[in-house]
Every structure is written in structure tokens, then in C-alpha cells.
Amino acid sequence: MDRNIRTVDDVLALLDGLFAPEADRWTGRGAEWWDGFYADRSRQVPFFVAKPDENLVSCVEQGVISGGRALDLGCGPGRNALYLAERGFEVDAVDLSPAAVDWARERAREAGADGVRFHCGDAFALAGTELTGPYDLVHDSGCFHHLPPHRRISYLALLDDVLAPGGVFSLTCFAAGAGGMGSELSDTGFYREAKGLGGGLAYTPESLREIFSGLTEVELRRMRDEPEESAYFGESFLWTALFRRT
């Protein structure tokens, strides 16, 4: 008989267990799934391209954030981390997948970029040890929408711990009503059905504003579609949001 729930972390761990390992894409158990995802680098996956997010470029070029320390959450093959390093940021970049981090390190070596420290693992577990704030910029392109609803608690705690006063949080995530990218099932529905996250969660602007209400909104819009010949990555089925910590 289990009677071992004593803390919030115990409750979060219990809820984690509702998501089968094959549907888990965010904890250490999900690393194998992502390794398989990144195994074939020639696949026509939009964000395999070595291009930074158009919204991140806009943020930097418009002077919303001009430099300092940056954290790239769910860095994948490192396209945004390398862009930030090229612009003079000191970057920590983290991803669950060893295959993704290996690819990112290869790209960094080829580019001669020495301003990025790549970390492989769960960002929540690494916060305070390998990922030590304060960061002037936290950029997330596709990590947040793979979290189950209860782990927003952990995510907000991470931002609270590492984002510097006056720092900028930049988010790219699935947009609700944008052609089926991301599940629009309610939070309650995920736990009632216990079938995983369906590839990710879609969000409305209102839900993002409510979740990140402790931060000041700078911008919230659809990401711009970028043509193949563009130097930047952009897909309109995604939201891009900027918030500042005051």
C-alpha cells in the first residue's frame, strides 16, 4: 500500500506516472524517443534547418534584448543557441536528447562558436547546478508545449529562479486553431483520458497571458511564415510571445 505523498514534488511525480513512457517526451524517459526523432538528419523537418527563429532575430535586432546571458530551453540541433552566440550572448543550451546535443555541438564546432555551453538532460533537474541564472534572456522554441499541464508549475518555478530582473522570456509554441498542430483537449481531459499529450499542447493567446501573468507582455502574435530561401525559421501554426520580468 502506497501512502507516500508528502510534498508538491511527490504529487508532480505521481502525475508524471499517468503518462505512459511511449507518450513521454519531456522527462529523461523521453530522451530515447527524441534520439529516434533526430536520428535521420536528412528528414524534411522544418526546425532541422540551421536557421534561427524569426521572432528571436526580431527581438534582438529591435533591441528588446541586446546581450548578456541566455538560456535556450529545448535547444535541439542548436540553431537558436548559435545565433545568440554569434550576437555576443553567453549561452547555456539544454536538451533531453543526446543525439540533438551531439548535432548541436557539431554545428558549433563547424561554426567556430565558443560562446555556447551545451547540456544534456532535464532542465528542471539541472536548474541551480549546470543551469545557473540569472539569465537576461530565456528562449524556448518548442519545449513548453511538450509539458503536461501539471509541469507548468515546475516551468514557472524555473523561470522565477533563473530569469533576471528586467530579463526577457521568449516563447514559441503550438497555436490553437492552427490546423491541428497540438492537442486542444482541456487540461482536465488529459488526466481523464491518460493517453499522453498527442504530440504537444496547443495554446490560445488568453491561456498564455494567464499562465505567464506574473510577467509583463511585450508581444504576442502568430509566427511569420518564412519562405524556403529565408535566412530565418518561421511557421504560422506557432505563437510567438515575449514577456519581460519587471
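Key figures for this structure:
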item	result
Which numbered condition CYS59 fails, given (1) assigned to a helix (DSSP H, G or I); (2) within 23 Å of LEU220 (Cα to Cα); (3) open to solvent by 50 Å² or more (accessible area, probe 1.4 Å)	(3)
Count of residues meeting criterion [open to solvent by less than 60 Å² (accessible area, probe 1.4 Å) and either farther than 21 Å from ALA39 by Cα or of a type in the set (Ser, Thr, Tyr) (or both)] in segment 89-110	4
Residue count, segment 221-239 (criterion: assigned to a strand (DSSP E or B), open to solvent by 50 Å² or more (accessible area, probe 1.4 Å) and in contact with a helix residue (DSSP H, G or I) (Cβ under 7 Å, 6 or more places away or on another chain))	0
PRO165, sole failed condition from (1) in contact with a Ser or Thr (Cβ under 7 Å, 6 or more places away or on another chain); (2) exposed (fewer than 14 other Cβ atoms within 10 Å of the Cβ); (3) not charged (D, E, K, R)	(1)
Selection within segment 127-143 - touching a His at 6+ places or on another chain (Cβ under 8 Å) and open to solvent by 20 Å² or more (accessible area, probe 1.4 Å)	GLU130
Residues (touching a Gly at 6+ places or on another chain (Cβ under 9 Å), modelled with pLDDT under 85 and not in a loop (DSSP other than H, G, I, E, B)) located in segment 1-43	PRO21, GLU22, ALA23, GLY28
Single match in LEU242, LEU215, LEU197, LEU156 (criterion: within 16 Å of the chain's Cα centre (by Cα) and open to solvent by 30 Å² or more (accessible area, probe 1.4 Å))	LEU156
Test: residue in segment 121-143 that is among the hydroxyl-bearing types (Ser, Thr, Tyr) and assigned to a helix (DSSP H, G or I)	no
Residues being outside any loop (DSSP other than H, G, I, E, B) and over 16 Å from THR240 (Cβ atoms) - total across segment 167-200	9
Segment 184-194, residues that are small (Gly, Ala, Ser), without any contact (Cβ under 8 Å) to a residue 24 or more places away in the chain and open to solvent by 30 Å² or more (accessible area, probe 1.4 Å)	SER186
Output for segment 77-102, where each listed residue is touching a strand residue (DSSP E or B) at 6+ places or on another chain (Cβ under 8 Å), outside any loop (DSSP other than H, G, I, E, B) and without any contact (Cβ under 8 Å) to a residue 60 or more places away in the chain	ALA81, LEU82, LEU84, ALA85, GLU90, VAL91, ASP92, ALA93, VAL94, VAL101
Cβ-Cβ under 8 Å pairs, at least 6 apart or on other chains, segment 211-231 side over 17 Å from GLY167 (Cα atoms), far side modelled with pLDDT under 95 and acidic (Asp, Glu)	MET223/GLU235; ASP225/GLU235; GLU226/GLU235
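The values are calculated or read from the model by the stated rules, or taken from the named source; none is laboratory data. Everything numeric here is computed off the predicted structure, so don't read it as measured data. FYI the Cβ positions are ideal-geometry reconstructions off the backbone, even for glycines, and counts take in every protein chain you see. The protein model used for the area step is the full one, side chains on, heavy atoms only, and it has no ligands, DNA or RNA in it. Shrake-Rupley method; radii C 1.70, N 1.55, O 1.52, S 1.80 Å.
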